[in-house]
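Okay, structure first, notes after.
The values are calculated or read from the model by the stated rules, or taken from the named source; none is laboratory data. Note that the structure is predicted; figures quoted are calculated from it, not measured. Please note: Cβ atoms are built from the backbone with ideal geometry, for glycine as well, and neighbour counts cover all protein chains shown.
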């Protein structure tokens, strides 16, 4: 799978209420638009995107974002 698949489906990205809380805590974010924040990170040309098993992984600015490749649900994001 090429990263273009993820990028062309960027508008499908979403997360759960628990996902929002987890990501805000992990990244110490002060925004309620967690999905928008992560979308901007993923769209950055320096973002390293790869697929492993059923998940996409996006790494940028010492952050690793995990996304389910079937549902486009952002599972988590944390510092690496």
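Quick look at the values:
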| read-out | value |
| --- | --- |
| In the range 6-48, the residues that are without any contact (Cβ under 8 Å) to a residue 12 or more places away in the chain and in a helix (DSSP H, G or I) | 8, 11, 17, 18, 21, 24, 25, 36, 37, 40 |
| Pairs where the first residue, in the range 57-80, is on the phi > 0 side of the Ramachandran plot and at pLDDT 95 or above and the second is surrounded by fewer than 16 Cβ atoms within 10 Å (Cβ to Cβ) and not in a loop (DSSP other than H, G, I, E, B), C-beta under 6 Å, 6+ apart | 62/79; 72/12 |
| Subset of the range 49-61 (residues that are closer than 14 Å to residue 78 by Cβ and part of a loop (DSSP other than H, G, I, E, B)) | 61 |
| All positions within the range 38-54 that are out of contact with any helix residue (DSSP H, G or I) (no Cβ under 8 Å at 6 or more places or on another chain) and either surrounded by 16 or more Cβ atoms within 10 Å (Cβ to Cβ) or farther than 13 Å from residue 3 by Cα (or both) | 40, 41, 53, 54 |
| Some residue of the range 66-73 being farther than 13 Å from residue 3 by Cβ and part of a helix (DSSP H, G or I) | no |
| Residue match in the range 36-44 (condition: modelled with pLDDT under 95 and within 13 Å of the chain's Cα centre (by Cα)) | no |
